[in-house]
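Handing you this structure, nothing more for now.
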Amino acid sequence: MLKGKTAVITGASRGIGAAAAVKFAALGADIAIVYAGNTDGAQRVKEDCIKYGVKAEIFQCDVSDHGKAKELVSQVKSVFGRIDILINNAGITRDGLAMVMKEADFDDVIDTNLKGSFNMIKMCLPVMLKSKGGKIINISSVVGINGNAGQANYASSKAGLIGLTKSIAKEMASKNITCNAIAPGYIETDMTKDMETSDPLVSSIPMKRPGRPEDVAEAAAFLASSAADYITGEVIRVDGGLAI
């Protein structure tokens, strides 16, 4: 149970972030729902969270902006009084082959996926240190482990996130703050949920099906629990065996 804890979740208006928010609310945590532009989605997630009797509020923020991330964390601390869990889930894609990829498309993905996570970690650490503990969970990807054609920017950002995870884990281990990563594989979304199991991408997964956002949320809940107090710097694949 996470009763009495506050979880900050970026990219929480849909998909994995939304599933994590609802899961953590079900476990008793108060939720700071951070989103970039999908206000309606964020509001729906808030409504789903408060059904569990917890406090949930929405915060709009471009986490790639250092100043805005700092302001966000200040607002969250003012509203909730504490930050115990940070889930860095905000992410974008700008796919294309490297030889024709626009510089802006590379920069935007790195800024949101990697720098945004760094910004949030940097701003949340002083709050966690004050309360003598915390859990940081970064949502990476199997693409950050294996690479993927047409996603040089995305793969770089997610691989960088794994390096960031391990570095923060080493820096903060003695302070009772853990930092771990989850590497999802092919996760079912509104666009992909109707794909046939005969689809080549699906058939390449040993379990022969896509994952669900809830599968990733369950892994995050484990890493945020007391059962994972002695786990740090780890990368957990949630991919049905895709990256074996």
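The values are calculated or read from the model by the stated rules, or taken from the named source; none is laboratory data. No experiment lies behind these values; they were computed from the predicted model shown. A quick note on method: Cβ atoms are made from the backbone with ideal geometry, for glycine too, and the neighbour counts reach across all protein chains shown.
Return the residues of segment 65-92 that are farther than 11 Å from Thr112 by Cα and part of a loop (DSSP other than H, G, I, E, B); say none if nothing qualifies.
Gly81, Arg82, Ile83, Asp84, listed by residue number.
Scan Asp48, Asp40, Asp107 and give me the residue that is at pLDDT 95 or above, over 22 Å from Cys124 (Cβ atoms), in contact with a helix residue (DSSP H, G or I) (Cβ under 6 Å, 6 or more places away or on another chain) and not in a loop (DSSP other than H, G, I, E, B).
Asp48
So how many residues does segment 196-211 have that are touching a Lys or Arg at 6+ places or on another chain (Cβ under 9 Å) and surrounded by 15 or more Cβ atoms within 10 Å (Cβ to Cβ)?
Residues meeting the conditions: 2.
So, one more: Given the criteria loosely packed, with under 15 Cβ neighbours inside 10 Å, out of contact with any Lys or Arg (no Cβ under 8 Å at 6 or more places or on another chain) and more than 20 Å from Ala32 (Cβ to Cβ), does Asp111 qualify?
So Asp111 fails the test.
So, one more: Quick one: how many residues across segment 37-73 are aromatic (Phe, Trp, Tyr) and either over 20 Å from Gly91 (Cα atoms) or more than 16 Å from the chain's Cα centre (by Cα) (or both)?
The first filter runs over segment 37-73 and keeps only residues aromatic (Phe, Trp, Tyr), leaving 52, 59.
Now restrict to residues that are either over 20 Å from Gly91 (Cα atoms) or more than 16 Å from the chain's Cα centre (by Cα) (or both): 52.
Counting residues in segment 37-73 that are aromatic (Phe, Trp, Tyr) and either over 20 Å from Gly91 (Cα atoms) or more than 16 Å from the chain's Cα centre (by Cα) (or both) gives 1.
Name every residue in segment 205-244 that is more than 16 Å from Ala21 (Cβ to Cβ), basic (Lys, Arg) and assigned to a loop (DSSP other than H, G, I, E, B), in order of residue number.
Lys208, Arg209, listed by residue number.
Going by the conditions given, is Asp48 more than 23 Å from Thr178 (Cβ to Cβ) and not aliphatic (A, V, I, L, M)? So that I can check it myself, show each step before the final result.
Details: more than 23 Å from Thr178 (Cβ to Cβ): yes; not aliphatic (A, V, I, L, M): yes.
Yes; evaluated as a whole, the condition is true for this residue.
I'm checking my understanding of the structure. Among residues of segment 158-193 that are at pLDDT 95 or above and basic (Lys, Arg), which one is surrounded by the most Cβ atoms within 10 Å (Cβ to Cβ)?
Lys158
Let me ask something else. Being under 15 Å from Asn148 (Cα atoms) and either basic (Lys, Arg) or over 18 Å from the mean Cα position of the chain (by Cα) (or both) is the filter here; which residues of segment 91-112 pass it?
Scanning segment 91-112 gives Arg94, Asp95, Gly96, Leu97, Ala98, Met99, Met101, Phe106.
I'd like to check something: does segment 111-124 contain any residue that is farther than 26 Å from Tyr230 by Cβ, out of contact with any helix residue (DSSP H, G or I) (no Cβ under 8 Å at 6 or more places or on another chain) and among the acidic types (Asp, Glu)?
Scanning segment 111-124 turns up at least one residue that is farther than 26 Å from Tyr230 by Cβ, out of contact with any helix residue (DSSP H, G or I) (no Cβ under 8 Å at 6 or more places or on another chain) and among the acidic types (Asp, Glu).
List, please: which pairs have Cβ atoms under 6 Å, are six or more places apart or on different chains, and start with a residue in segment 1-14 that is under 11 Å from Lys55 (Cα atoms) and surrounded by 24 or more Cβ atoms within 10 Å (Cβ to Cβ) and end with one that is of a type outside the set (Lys, Arg) and modelled with pLDDT under 95?
Going by the 6 Å Cβ cut-off, there are no qualifying pairs.
Is there a residue being surrounded by 14 or more Cβ atoms within 10 Å (Cβ to Cβ) and under 21 Å from Gly144 (Cβ atoms) anywhere in segment 61-79?
Looking through segment 61-79, at least one residue is surrounded by 14 or more Cβ atoms within 10 Å (Cβ to Cβ) and under 21 Å from Gly144 (Cβ atoms).
Looking at segment 17-52, which of its residues are of a type in the set (Val, Ile, Thr) and in contact with a strand residue (DSSP E or B) (Cβ under 6 Å, 6 or more places away or on another chain)?
If the condition is that a residue be of a type in the set (Val, Ile, Thr) and in contact with a strand residue (DSSP E or B) (Cβ under 6 Å, 6 or more places away or on another chain), then Ile31, Ile33, Val34, Val45, Ile50 are the ones that fit.
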